[in-house]
Structures are given as structure tokens and as C-alpha cells.
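The values are calculated or read from the model by the stated rules, or taken from the named source; none is laboratory data. The structure presented is a predicted model; accordingly, all values stated were derived computationally and were not measured. Virtual Cβ from ideal backbone geometry, glycine too; neighbours counted across all protein chains shown.
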Amino acid sequence: MFVLVVGGGKVGYYLSKELIENGHEVVLMEKDRARADQIADEIGSIVVAHDGCEGKYLGEAGCARADIVAAVTGDDEDNLVICQMAKHHFDVRRTIARVNNPKNEALFRHLGVDEIISPTRMILGSIEQDIPVHELLHLAALGEGELEIIEAHLQDGSPAVGRAAGDLAMPEGCSLFAVIRDGVATPLRPDMTLRVGDKVIAIGPSECEELLHEQLIGDDPEAVTPRR
Amino acid sequence: MSETHPPTFRRAVVALAGGPGDERIVRLVSELAKPSHGEVIAVHVVEIGWSLPLDADIAGRSEEIQSILDAAEGVAESSKMRLEAVLLQARDVGAALVDEATERAADLLVLSLPYRKRFGGDFAIGRTIPYVLKNAPCTVWVVREPIPEGEA
């Protein structure tokens, strides 16, 4: 597989190294000449010392025949431009972008980036799993990002506590499908009464997050934190 | 190095650039190889841009490239020496030459350097020779071509 990696920082460097070790053909674009030379000294002549944001240089780096373009620079704007050019100008089958600011995720998805990797979001998710939160926890995005899997940890004061799952007014297109109780995951039946400590797993479009929050967490304004 | 005995080597790799310097270095190495029956390998590297796969059929089809190798063989023959001509496709000429010299266990790598100036007047050495000087495991000779008349 031919992979074009744009950005020769730590991520780009180790990504390229691993890909080469796994037998893939790799070219790495890094606009800083000194850094490009340093990488070439370490992993061989796979480095193109040009700016991947310029279509001409993307073309020279073989973008048109790349199976995958991975834009992993430290700038979201650059990563977006690179993926868009790769996708729409060079017809690259799969584009992957590093997104540093989680607020940019939706924009990247909307503009056709196939896969987005947000280290910030991953770390945030990991932290949120370990602390009690009075809000919804995003577990994963599905498809093009229009659907999300969300977890709600029911606390004292949640309007859902003591009610049957089937009695909750769910937003359209959104459904509750599992509950984690005492560490055991079970399918959520409509007659199941929800308790404090339950972790309810829901799937739905990101637009229904506010209503879901209202039903499962409550509408305490201090507990509502905008997620995107 | 003794003044009366020319340097000897077992196996030399000569880098062909397709310029007038090729004849000079092939003749030089062939003459030096004679007494010690050294082996001479002439390598021409065709740099393939990343827009094409490395195994794209480029070099084999080009008459110009074939003529570079034929000319080198002709020069060696005129010195009554046999020369192995090798054609390589690579992403980077310097890295390919160093790899070839390493694989062949060559004890000498010879390159020619045309006398060129950058815009502004600075002498231009390019990027292949610095790479080879830095990375080749064997002895490296760089034969610079004479300064063109009028520039000296």
C-alpha cells in the first residue's frame, strides 16, 4: 500500500517508520528543510521537503497514486486543506486527518475527510471515564459522524431514575439500547426501571444531544456543558 | 600513498551522470584497475519521482539512457578493460549509489562533478556528492571537471 504522510513531527515520523517496517511504500512530506533532512538521515530517502498544502508538491509526492493520505501536521487548517485536495483533486480513496481542536471535528467530517483522529478527544474521553460526570460522555462516532454512541451516568436527581426506560421521551432517531449496571452490560428493555449508578448507552444523531441530556441527566444549567 | 605506485582497488563503482565527465572517470578508473585486475562497475541511476512507482518501466525504454551505458563500455574497451554496466531506478541517486557500493563491497566509489555555479555566482556541488561523501562506507573520489573557458 502506498501511503502519503504529511507532517514530519513526532506523529508523522513514528507513523512513517512503523509503516515502512510493516512493508508499505511511504513518502513523508515535511516543509521544514532541516527537519526533513534529519528524518531522511534516520529513516532513508522517503522525505519530500515541501509544503503539503500546495497542490503542486502534493502531486510531486505521488498523491494521485496514493492509497491513503494521512495529514498529521500540528495545524488543523493545514490538515483540512491537505485532505480536501487529496480527496477532491487527486481522488485519493481514503484520507485521514489529525484534528487537534475537537471543535473542528464536525467541520472535517462535513467537508469529506474520511477519518479523523483527535488525540485531544481521546484523552478527554479517557479522563471522563474515570471521573463522575454530570453530563453525557461521547464514546464513538459512527458512519460519517452523523451518529454517535453516548453514555449517560445516572446520578441522584436524574429525571430518569425510578422510571421505566420505555416511559422516557426519547428524541426522534435516538434510542437507548444498553445499560451497564454493577459492571454488567445488558440490553435495555422498555420495562426496566433505571437506578442511580446505571450507565445508559444511547445511539442517535448529535443534534438530539440536548434533549437526551434533559431526559437522562436533567436540565441543571450548571451541568450542561457544550461538547462541540 | 606512494608517489611511484598508483592506488589499487579490488572493486570500484563508477557513477555515470550522462555528462562529459563520464568518459574521464571511466578511463581513469579503467587505467588504474588494469595493473591490479580490479573490477569496474559503472552505475547509472535514473531518479524516479514519487508520482510513479519505483518499478515503472522508464529506464529500460530510453535510448538516451542506454547510450550512457554503451558509451562507458566503449571507453573501458578502448582501455582493454571489461566493465559491468548497471542501470538502477531509485528515488534518490546518492542513496542508490551508496547502497550499490555497499552491496557490491566496493572499495572505491568515483563520481564526476561538473563545474557549475548557482544564480548569484556560488559554486554548486548539488546534493548527491555531499550525501555520498557522508554515507559511503568506502573510499570516495570526486573528479571535478575543468572550469569552462571564460569562467576561470
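Check off (1) crowded, with 18+ Cβ neighbours inside 10 Å; (2) in contact with a Phe, Trp or Tyr (Cβ under 9 Å, 6 or more places away or on another chain) for residue B:81 and give me the number that stays unchecked.
The one condition residue B:81 does not meet is (2).
Hey, among B:112, B:67, which residue is surrounded by 14 or more Cβ atoms within 10 Å (Cβ to Cβ), small (Gly, Ala, Ser) and at negative phi? Let's see the steps before the verdict.
Values: B:67 fails: surrounded by 14 or more Cβ atoms within 10 Å (Cβ to Cβ).
Going through B:112, B:67 in turn, just one is surrounded by 14 or more Cβ atoms within 10 Å (Cβ to Cβ), small (Gly, Ala, Ser) and at negative phi: B:112.
Going through B:63, B:77 one at a time, which residue ends up being without any contact (Cβ under 8 Å) to a residue 12 or more places away in the chain, away from chain A (no Cβ under 14 Å) and either over 21 Å from residue B:28 (Cα atoms) or among the hydrophobic types (A, V, I, L, M, F, W, C) (or both)?
B:63
Can you pull out the residues in the range A:198-215 that are farther than 10 Å from residue A:149 by Cα, part of a strand (DSSP E or B) and not hydrophobic (A, V, I, L, M, F, W, C)?
Step one: of the range A:198-215, the residues farther than 10 Å from residue A:149 by Cα are A:198-200, A:207-215.
Now restrict to residues that are part of a strand (DSSP E or B): A:199-200.
Within the range A:198-215, just A:199 meets the criteria.
Considering (1) surrounded by 18 or more Cβ atoms within 10 Å (Cβ to Cβ); (2) part of a loop (DSSP other than H, G, I, E, B), say which one residue B:95 fails and leave the rest.
Evaluating residue B:95 over (1) surrounded by 18 or more Cβ atoms within 10 Å (Cβ to Cβ); (2) part of a loop (DSSP other than H, G, I, E, B) leaves (2) as the failure.
For the list (1) under 28 Å from residue A:100 (Cβ atoms); (2) modelled with pLDDT of 80 or more; (3) not β-branched (Val, Ile, Thr), I need the number of the one condition that residue A:206 fails.
(2)
Looking at residue A:137, is it modelled with pLDDT under 85, in contact with a helix residue (DSSP H, G or I) (Cβ under 6 Å, 6 or more places away or on another chain) and of a type outside the set (Asp, Glu)?
Details: modelled with pLDDT under 85: yes; in contact with a helix residue (DSSP H, G or I) (Cβ under 6 Å, 6 or more places away or on another chain): yes; of a type outside the set (Asp, Glu): yes.
In short, yes.
Here is a check on your reading of the model: is residue A:53 in contact (Cβ under 8 Å) with a residue 40 or more places away in the chain and either closer than 16 Å to residue A:7 by Cα or within 14 Å of chain B (Cβ to nearest Cβ) (or both)? I'd like the intermediate steps shown before the answer.
On the way: in contact (Cβ under 8 Å) with a residue 40 or more places away in the chain: no; either closer than 16 Å to residue A:7 by Cα or within 14 Å of chain B (Cβ to nearest Cβ) (or both): yes.
Considered against the rule, which asks whether it is in contact (Cβ under 8 Å) with a residue 40 or more places away in the chain and either closer than 16 Å to residue A:7 by Cα or within 14 Å of chain B (Cβ to nearest Cβ) (or both), residue A:53 comes out as no.
Out of everything in the range B:83-127 that is among the acidic types (Asp, Glu) and closer than 23 Å to residue A:41 by Cα, what residue ends up being farthest from the chain's Cα centre (by Cα)?
Residues of the range B:83-127 among the acidic types (Asp, Glu): B:84, B:92, B:99-100, B:103, B:107, B:122.
Going one step further and asking which of them are closer than 23 Å to residue A:41 by Cα, we end up with B:92, B:99-100, B:103, B:107.
Details: B:92: 14, B:99: 13, B:100: 11, B:103: 16, B:107: 14 Å.
The extreme case among them is B:103.
Do you know which residues across the range B:41-64 are surrounded by 13 or more Cβ atoms within 10 Å (Cβ to Cβ) and in a helix (DSSP H, G or I)?
Across the range B:41-64, the qualifying residue is only B:59.
Take the residues in the range A:23-41 that are over 21 Å from residue B:52 (Cα atoms) and free of Cβ contacts under 8 Å to residues at least 12 places away in the same chain, then tell me which one is nearest to the other protein chains (Cβ to nearest Cβ).
Checked the range A:23-41; the qualifying residue nearest to the other protein chains (Cβ to nearest Cβ) is A:41.
Out of all the residues in the range A:96-124, which are crowded, with 16+ Cβ neighbours inside 10 Å and in contact with a His (Cβ under 8 Å, 6 or more places away or on another chain)?
A:121
In this structure, is residue B:139 of a type in the set (Val, Ile, Thr), modelled with pLDDT of 90 or more and closer than 19 Å to residue A:44 by Cβ? Please lay out each step first, then the result.
Values: of a type in the set (Val, Ile, Thr): yes; modelled with pLDDT of 90 or more: yes; closer than 19 Å to residue A:44 by Cβ: no.
Taking the combined requirement at face value, the residue does not satisfy it.
Give the residue, chosen from B:98, B:110, B:14, B:43, that is more than 14 Å from chain A (Cβ to nearest Cβ), at pLDDT 95 or above and under 27 Å from residue A:49 (Cβ atoms). I'd like the intermediate steps shown before the answer.
Numbers: B:98 fails: more than 14 Å from chain A (Cβ to nearest Cβ); B:110 fails: under 27 Å from residue A:49 (Cβ atoms); B:14 fails: under 27 Å from residue A:49 (Cβ atoms).
It is B:43.
Restricting attention to the range A:59-95, and to residues there that are part of a strand (DSSP E or B) and surrounded by fewer than 21 Cβ atoms within 10 Å (Cβ to Cβ), which single residue is farthest from the other protein chains (Cβ to nearest Cβ)? Walk me through it before giving the result.
Going residue by residue through the range A:59-95, those that are part of a strand (DSSP E or B) are A:68-71, A:94-95.
From what is left, the residues that are surrounded by fewer than 21 Cβ atoms within 10 Å (Cβ to Cβ) are A:68, A:94.
Working: A:68: 14, A:94: 18 Å.
Among those residues, the one meeting the criterion is A:94.
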